[in-house]
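Visitor: One structure, pasted below without further comment.
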Amino acid sequence: MKFHSFAALLFLTSRVLTWSQEVQSLQDLTAAAAPLPAVTLFTAKEILTLDPEKPIAEAVAVVADKILAVGALDELKKAAGDQPYVVDNTFAKQVIVPGFIGQHDHPLLAGLTMIAEIISIEDWVLPGGTVPAAKNREEYLKRLAEANAKLEDPEAVLLTWGFHHYFHGKLTRADLDKISSTRPIIVWHRSAHEFILNSATMKKFGVTQEWFATLKGSALAQSNFEEAHYWEQGAFAVMPLISPAIATPARLRQGLEFVEDYFHANGITRGCEPGGLLSKPLQDAQNAVLSDPATPFRFYFIADGKSLTSAHADDSVIAETEKLLSWGEGNTAYLPKQVKLFADGAIFSQAMQVREPYTDGHKGEWMMDLAFFQRSFRVYWDAGYQLHCHVNGDAGLDMVLNTLEENMRSNPRHDHRTVIVHFAVSQKDQVERIKQLGAIVSGNPYYTTALADNYSKVGLGPERADNLVRMGDVERAGISYSYHSDMPMAPGQPLFLMHCGVNRTTQSERVAGEDQRVSREGALRAVTLDAAFSLQMEKEVGSIVPGKLANFTVLADNPVTCDPAKIKDIPVIGTVHEGRVQLTKKVGGKKTAGIRLPENFQPTAIAAKPSLIATRPGPFAARRGHQPTCFTGGCSCSTGRFLAELIFPRTSR
C-alpha cells in the first residue's frame, strides 16, 4: 500500500512538472507570438547624430520612447522586416539634431524677471514683441518714468528688472524718489544679485534702521541703507522683506507657465537648475507647472551645497542633501550625487574676484569665503559627489582649482567631472590646469556678446574683456565644455548660445577675442552631448544613437553648415520628446490644460506686515556654526523658507 502510494506520488509529481514545463513553454510561445511594437521612421532633410560612426543620416527609427536605429530610409525599412512601421514625413524638409539641453537655467527666477517691467541693457525678444534696450542713463530714466506713469493703480508696486550701473550709471534711492515719492519702486539689477529701493518701498515693506542694525558680516558689508542698495548677501538679506512684491502666487504661476512655453519654443528637451532655492513649497509650485506629463521636457534640480553646509554639521550634510531626492515629481527630479557650490560674485555686477585689480579700483566679493568653501567641497567630495562650482573671476577660479587639487591629492577620484560654472574671467595657465585636474567647463558665451564692449572701458580693460569665456582655448585643449544661459542672465535659447560662441560678436558688432571662437560642431555639442555629459546624462540623451531616448530638436536649417551669422535666426519647428512629436506654438498664450497646482497655491494678494517682517530674526541667526556669509539667514536656504512662509502660510503647509 505504501509502495503504491509512493508510486502514485512520483507519478503525480512527474505530471505536475510536465504540466509546469508545458505552461512555461506556452508562455514562451505566447511571448514569442506577441506582436512587436510599431516603429516610427522619422525622415528629415538631414539628421545630425553627433555619432562619429554615422554623423549624418536621413531617417531615425523610434520605438516608444527610444531610438531603435539610424540610417538611410530604405535600409531601415529593410531592417524592420516583419515588424510593423510607419513613415513620418512631418520633418522631411527640416533638420533634426539631438534634443537641446538647458544645462543651467533658473525657471522661477527667469519667470519672475520676464514678467517684470523689463528695462535692460539689451533687446529682449518676447512673445508679445521685442522689448528694446535702454542703452544709457537718459534712456533708462525716461523708460522708468514712463513705466511709472502707465500704472493706473497708485498703490501698485513698480518692479523692474534689467538695470546695470556700468551702462546706466549709478542709481540710488534719491534717483528713484524723483520718479515717485509715493509709489513703491523696486529695481532688480540685471545680475539678479542686487536691489535698489525707493523710500516708499522701504516704508511699505519695513526696510528700517532697526532692521538694518541686525545685519552682520557680509550682509552688512554688502548693503547701503542711505542709498537703499543691497547686493550679494545684502540682497539675500533684504529679499524676504520685499518678497511680497516679487513672488506672489499669481506671479509665480504666470512666470513658470511663461518659462515652460518659452523653453519649448526654443527647442529644449531637458533642463536643469543647479542650486535653486531650498524651499519645499516653492519646489512644489515648480512641480505643479513643470512635472505634468504633458510638459514637453524633463527638468532637473541640483542641490545648493552652500545652504546645506551652512545649516548642518558635516556628519549630517549628506543625509540632509539626499532628502531632496524625494522633492521631484513626474517630469521633475533632483539629480543624485550632484551639488552646487559658489565661489565669487556675479559678472553682471563686476563682483567677481580677479587676480589683477579692477581698472576703477573697486573690489570683488566672495559668495563663500575660503574656509567655508574648502569645508563644503571636502564634505561632498569625500561622499563621491560631482561638484558644480559657480565661479566668475580668475582669482575665484584659483580658489576652486586649488581646492580641487588638494582633494585630489588627499582622496584621488576617477571621472569626478567637477564643473567650472560660468567661467567668465580666466587665464591660459588655468585652462591647462583644468585639464590636468580632470575638470570640465560650462560657460556662458553671452558674457562676451553683452559685456565685452563696456567692460573693456570700465572695470576689466580690453585684454580681459575680449577674452571673456575663453572657450577657444578650452576646445583646443580637448576639455569637454558645455554652454548654458543661466536664464535670466542670457536668453534661454540654445541656438543663440551657439551663435555667441561661434561668432563672439559684441553689441558694437565687432569680434572680441577672435581666437576664442569655437567650432560649430563644438558649439552644437555644447548644447547637446557635452551638456548631457556635464550632468551625467550622456548615456540617455545628447546624441542620436540606438538605445538612447528619442529626444530631438527640429530646425529649419543646419546650424553647422549655414551662414554662421544666421545661427541665432534659425526657426525652431518643434521637438520630439521621448518619442512624442511636439510642434512649437506661440509662446506666452494662456495654458488651458496640463496644469495642476497645490490647493494652497492660489493667486491671492499678500498683504505686507512690516512690523512682523522687521522684527522677525533670520531662521539661522542663533544656529551654531552658521557661516559668516550667511549671518541673519541671508542665504538662499533661508530666503526660500521666508518666501515660502509669505506665499504659503504655515496653516496650509
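The values are calculated or read from the model by the stated rules, or taken from the named source; none is laboratory data. Everything numeric here is computed off the predicted structure, so don't read it as measured data. A quick note on method: Cβ atoms are made from the backbone with ideal geometry, for glycine too, and the neighbour counts reach across all protein chains shown. For accessibility, only protein heavy atoms count, side chains too; no ligands or nucleic acids. Shrake-Rupley method; radii C 1.70, N 1.55, O 1.52, S 1.80 Å.
Visitor: Between a residue in region 284-304 that is farther than 16 Å from P274 by Cα and of a type outside the set (D, E) and any residue that is assigned to a loop (DSSP other than H, G, I, E, B) and open to solvent by less than 10 Å² (accessible area, probe 1.4 Å), which pairs come within a Cβ distance under 8 Å, given they are 6 or more apart or on different chains?
Guide: Short answer, once both residue conditions are applied: A285/F601; A288/F601; V289/T295.
Visitor: Within region 214-318, which helices (runs of 4 or more DSSP H) (wholly inside it) include 1 or more residues that are open to solvent by less than 10 Å² (accessible area, probe 1.4 Å), acidic (D, E) and under 20 Å from P488 (Cα atoms)?
Guide: The qualifying helices (runs of 4 or more DSSP H) are 249-265.
Visitor: Within region 188-206, which residues are open to solvent by less than 30 Å² (accessible area, probe 1.4 Å), in contact (Cβ under 8 Å) with a residue 40 or more places away in the chain and assigned to a loop (DSSP other than H, G, I, E, B)?
Guide: R190, S191, A192, G206
Visitor: Here is a further query. Of the residues in region 319-336, how many are outside any helix (DSSP H, G or I) and of a type in the set (A, V, I, L, M, F, W, C)?
Guide: 3
Visitor: Return the residues of region 131-152 that are of a type outside the set (K, R), more than 30 Å from the chain's Cα centre (by Cα) and either in a helix (DSSP H, G or I) or modelled with pLDDT of 95 or more (or both); say none if nothing qualifies.
Guide: E138, E139, L141, A145, E146, N148, A149, L151
Visitor: Sort out which residues of region 562-578 are touching a residue at least 60 places away in the same chain (Cβ under 8 Å) and assigned to a loop (DSSP other than H, G, I, E, B), and write them in order of number.
Guide: I570, E578
Visitor: Of the numbered conditions (1) in contact with a Leu (Cβ under 9 Å, 6 or more places away or on another chain); (2) more than 23 Å from Q582 (Cβ to Cβ), V518 satisfies every one except a single condition; which is it?
Guide: Of the numbered conditions (1) in contact with a Leu (Cβ under 9 Å, 6 or more places away or on another chain); (2) more than 23 Å from Q582 (Cβ to Cβ), the odd one out for V518 is (1).
Visitor: I'd like the full set of residues that are touching a residue at least 60 places away in the same chain (Cβ under 8 Å) and more than 20 Å from L112 (Cβ to Cβ), limited to region 166-186.
Guide: Y166, F167
Visitor: Among the residues of region 406-421, is there at least one that is buried (at least 24 other Cβ atoms within 10 Å of the Cβ) and more than 28 Å from L325 (Cα to Cα)?
Guide: Looking for residues that are buried (at least 24 other Cβ atoms within 10 Å of the Cβ) and more than 28 Å from L325 (Cα to Cα), one finds none in region 406-421, hence no.
Visitor: Name every residue in region 455-500 that is open to solvent by 10 Å² or more (accessible area, probe 1.4 Å) and under 13 Å from the mean Cα position of the chain (by Cα), in order of residue number.
Guide: Within region 455-500, D486, M489, P491, Q493 qualify.
Visitor: How many residues are out of contact with any Leu (no Cβ under 8 Å at 6 or more places or on another chain) and aromatic (F, W, Y) when one looks only at region 395-449?
Guide: Result for region 395-449: 0.
Visitor: Among the residues of region 138-155, is any touching a strand residue (DSSP E or B) at 6+ places or on another chain (Cβ under 6 Å) and crowded, with 20+ Cβ neighbours inside 10 Å?
Guide: Within region 138-155 (the criterion being touching a strand residue (DSSP E or B) at 6+ places or on another chain (Cβ under 6 Å) and crowded, with 20+ Cβ neighbours inside 10 Å), the answer is no, since none of the residues qualifies.
Visitor: Would you mind telling me which numbered condition in (1) over 27 Å from A531 (Cβ atoms); (2) open to solvent by 10 Å² or more (accessible area, probe 1.4 Å) K337 fails?
Guide: That leaves (1) as the condition not met.
Visitor: Identify the single condition in (1) open to solvent by 10 Å² or more (accessible area, probe 1.4 Å); (2) assigned to a loop (DSSP other than H, G, I, E, B); (3) in contact (Cβ under 8 Å) with a residue 40 or more places away in the chain that P559 does not satisfy, given that it satisfies every other one.
Guide: It fails just one condition, (1).
Visitor: Spot the failing condition for L437; the list is (1) surrounded by 20 or more Cβ atoms within 10 Å (Cβ to Cβ); (2) closer than 28 Å to H414 by Cβ; (3) hydrophobic (A, V, I, L, M, F, W, C), and only one is missed.
Guide: (1)
Visitor: Could you tell me whether E210 is surrounded by fewer than 21 Cβ atoms within 10 Å (Cβ to Cβ), in a loop (DSSP other than H, G, I, E, B) and touching a residue at least 40 places away in the same chain (Cβ under 8 Å)?
Guide: Criteria not met by E210.
Visitor: Taking L159 as the residue in question, decide whether it is surrounded by 16 or more Cβ atoms within 10 Å (Cβ to Cβ), farther than 25 Å from V207 by Cβ and touching a residue at least 60 places away in the same chain (Cβ under 8 Å).
Guide: Taking the combined requirement at face value, the residue does not satisfy it.
Visitor: In addition: Examine region 340-358 for a residue that is open to solvent by 10 Å² or more (accessible area, probe 1.4 Å), in contact with a strand residue (DSSP E or B) (Cβ under 6 Å, 6 or more places away or on another chain), modelled with pLDDT of 95 or more and under 30 Å from I121 (Cα atoms), and state whether such a residue exists.
Guide: yes
Visitor: Do we have V339 as within 22 Å of L278 (Cα to Cα), touching a residue at least 40 places away in the same chain (Cβ under 8 Å), among the aliphatic types (A, V, I, L, M) and assigned to a helix (DSSP H, G or I) here?
Guide: Criteria not met by V339.
Visitor: Still on this structure, I have one more. Answer yes or no: is there a residue in region 427-444 that is modelled with pLDDT of 95 or more, touching a Phe, Trp or Tyr at 6+ places or on another chain (Cβ under 6 Å) and not in a loop (DSSP other than H, G, I, E, B).
Guide: yes
Visitor: Just name the residue that is modelled with the lowest pLDDT out of those in region 277-300 that are touching a helix residue (DSSP H, G or I) at 6+ places or on another chain (Cβ under 7 Å) and closer than 18 Å to Q103 by Cα.
Guide: L277
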